[in-house]
Number of protein chains: 2
Amino acid sequence: MAKVDISSVAVVMAMRAEAAPLIASLGLVEPDDQPAQLPFRWYEGRHRGVSVIVAVNGVDPRYDVDGIGTNPAVLNSWLVIERRRPDVVVSAGTAGGFTSKGGEVGDLYLSSGDLVFHDHRIPIAGFSDYGVGHYPCADVDHLARRLDAKTGVVSTGNSLDAPDVDLDLMAVNDASLKDMEAAAVAWVCWLSGTPFFAVKVIADLVDGPADTVEEFKLNLTMATGRLSAALVELVPLLAEHGLD
Amino acid sequence: MAKVDISSVAVVMAMRAEAAPLIASLGLVEPDDQPAQLPFRWYEGRHRGVSVIVAVNGVDPRYDVDGIGTNPAVLNSWLVIERRRPDVVVSAGTAGGFTSKGGEVGDLYLSSGDLVFHDHRIPIAGFSDYGVGHYPCADVDHLARRLDAKTGVVSTGNSLDAPDVDLDLMAVNDASLKDMEAAAVAWVCWLSGTPFFAVKVIADLVDGPADTVEEFKLNLTMATGRLSAALVELVPLLAEHGLD
């Protein structure tokens, strides 16, 4: 029996391209109470008896680019939790994977272990662990098995590249995935007592031979399609099996 | 004549030690509506006819350390703007300075130019500038002259250290100060249309010979004392002269 029953899910996503297939698949529509004067765009509906909201970080109007990174992830997550009180929040998107951890482009992962940052280096006692984050992840191994997904630690930072100073911390924290939002969403969930996990599809390999930007662009459509398909399957699994 | 009149000021600060002298000097007290279930702690009062709120990021209960960095800065700033609608928000604290820019330990700075990040590297057209931030700073040169403060660009990142990958971006953006919150507060202010600037006192020199952590610890009390004295002087100057 599940320890946490789920009847409402908030999915926080950074990029329009990541969210579009899911919004279309579930037939979600914009609510009347979009966050006023903020770039965030929400899409809502029901899927197999579950209330679903996809909260997209929206667009920076100055540069016409998606609001990737931790700052919009924090505020968008806070608002969707405050205004919708979802039973669980999911950080969903594409991510970098590691060949050294068995990752391949297109792989579906659910988060396990703590959510961590690899770009918060504060070498003072206490502050060091605070910087890394160590925010909790719900136990979703039972869902990963049903989705045929891998599981691994997600490490978050605000840069698309990965210099040695970041790679070293990802290695220390045993990261299988590198993203730009998950630990920030997890921090807000920890503050508010909301169960959290991440769903990520590998679009590029951090330790692979290809250029990250080119690999990311090449694989984005494939990865977001797989992500959407996984989330459509995940929602009824959450309703049926809950969180352990 | 000032372009923006100021009768209320919110000062967002990361560390208890940074905020304590200011709270004591102005005789601020905790309001009845502290943010519920969140670590942020607010202190309010009036000083020379101006409504003042000091919003401290509070403590991580797991490690008993101050909530430094951009995540708490974003959410604390958002809440204080939403609930108090201050005429101006000030990011105040200690910072790293640069001898190459004429900075010395103990120097008082007001921000000038854009607020930028040095740890948001996203090398894709459009995303690159978005990552750097470029959030606006109010014109406070007239206040800097009256406070005998220096002015310079503040660059924000979530690490206390400064590897080459961060130093390179600080140099590109002509940073005179390195801190861990200002650009995140500036982002929230930009979103909400709230005037913003930063007040920082140098506690360590990024390009100096001393170890950053030891220098920071050694100078923290001196720097927070100077910061508090400057803010006590700044509040009536804001009321008298406003923002240009």
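Things worth noting here:
- Looking across B:175, B:186, one residue alone is within 11 Å of chain A (Cβ to nearest Cβ), at pLDDT 95 or above and touching a Ser or Thr at 6+ places or on another chain (Cβ under 9 Å). It is B:186.
- Condition check for residue A:89: under 26 Å from residue B:59 (Cα atoms) and part of a strand (DSSP E or B): yes
- Residue ranges of strands (runs of 3 or more DSSP E) in the range B:150-214 with at least 2 members within 25 Å of residue A:162 (Cβ to Cβ), without any contact (Cβ under 8 Å) to a residue 40 or more places away in the chain and in contact with a Pro (Cβ under 8 Å, 6 or more places away or on another chain): none
- Whichever residue in the range B:189-212 is more than 22 Å from residue A:120 (Cβ to Cβ) and at the interface with chain A (Cβ under 10 Å from one of its Cβ atoms) and, among such residues, is surrounded by the most Cβ atoms within 10 Å (Cβ to Cβ): B:191
- Some residue of the range B:169-187 being under 23 Å from residue A:126 (Cβ atoms) and β-branched (Val, Ile, Thr): no
- Note on the range A:68-89: residues that are surrounded by fewer than 20 Cβ atoms within 10 Å (Cβ to Cβ) and within 12 Å of residue A:42 (Cβ to Cβ) amount to 3.
- Looking across B:18, B:30, one residue alone is more than 13 Å from every other protein chain (Cβ to nearest Cβ) and free of Cβ contacts under 8 Å to residues at least 24 places away in the same chain. It is B:30.
- Hits in the range B:154-168 (condition: more than 10 Å from chain A (Cβ to nearest Cβ) and buried (at least 20 other Cβ atoms within 10 Å of the Cβ)): B:154, B:155, B:156
- Some residue of the range A:45-55 being part of a loop (DSSP other than H, G, I, E, B), more than 26 Å from residue A:218 (Cα to Cα) and either small (Gly, Ala, Ser) or at pLDDT 95 or above (or both): yes
- Test: residue in the range B:55-78 that is in contact with a Gly (Cβ under 8 Å, 6 or more places away or on another chain), among the charged types (D, E, K, R) and touching a residue at least 40 places away in the same chain (Cβ under 8 Å): yes
- Leading residue by the ranking (surrounded by the fewest Cβ atoms within 10 Å (Cβ to Cβ)) among those in the range B:48-67 that are more than 10 Å from every other protein chain (Cβ to nearest Cβ) and more than 20 Å from the chain's Cα centre (by Cα): B:61
- Condition check for residue A:39: surrounded by 15 or more Cβ atoms within 10 Å (Cβ to Cβ) and under 28 Å from residue B:127 (Cα atoms): yes
- Filter result for residue A:128 (part of a strand (DSSP E or B) and small (Gly, Ala, Ser)): no
- If only residues of the range B:129-152 that are more than 14 Å from chain A (Cβ to nearest Cβ) and hydrophobic (A, V, I, L, M, F, W, C) are counted, the one that is surrounded by the most Cβ atoms within 10 Å (Cβ to Cβ) is B:140.
- Scanning the range A:33-44 for residues that are in contact with a helix residue (DSSP H, G or I) (Cβ under 8 Å, 6 or more places away or on another chain) and part of a loop (DSSP other than H, G, I, E, B) yields A:33, A:35, A:37, A:38, A:39, A:40.
- Screening the candidates B:113, B:126, B:106, B:96 for the property of being crowded, with 19+ Cβ neighbours inside 10 Å and among the small types (Gly, Ala, Ser) yields one hit, B:96.
Results for (1) at pLDDT 95 or above; (2) over 22 Å from residue B:76 (Cα atoms); (3) more than 8 Å from chain B (Cβ to nearest Cβ), shown as yes or no for each residue.
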| site | (1), (2), (3) |
| --- | --- |
| A:69 | yes, no, no |
| A:88 | yes, yes, yes |
| A:98 | yes, yes, yes |
| A:102 | yes, yes, yes |
| A:105 | yes, yes, yes |
| A:109 | yes, yes, yes |
| A:116 | yes, no, yes |
| A:122 | yes, no, no |
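- Lone unmet requirement of (1) within 14 Å of chain A (Cβ to nearest Cβ); (2) modelled with pLDDT of 95 or more for residue B:218: (2)
- Those residues of the range A:6-32 which are assigned to a helix (DSSP H, G or I), in contact with a His (Cβ under 9 Å, 6 or more places away or on another chain) and surrounded by 20 or more Cβ atoms within 10 Å (Cβ to Cβ), in sequence order: A:26
- Verdict on residue B:81 being more than 10 Å from chain A (Cβ to nearest Cβ), assigned to a loop (DSSP other than H, G, I, E, B) and either within 24 Å of residue B:142 (Cβ to Cβ) or more than 14 Å from the chain's Cα centre (by Cα) (or both): no
- Any hit, the range B:214-224, residues being surrounded by fewer than 20 Cβ atoms within 10 Å (Cβ to Cβ), in contact with a Phe, Trp or Tyr (Cβ under 8 Å, 6 or more places away or on another chain) and farther than 16 Å from residue B:140 by Cβ: no
The values are calculated or read from the model by the stated rules, or taken from the named source; none is laboratory data. What you see is a predicted model; the values in this text were computed from it and never measured. Don't worry about glycine lacking a Cβ; one is built from the backbone with ideal geometry, like all the others, and counts go over all protein chains shown.
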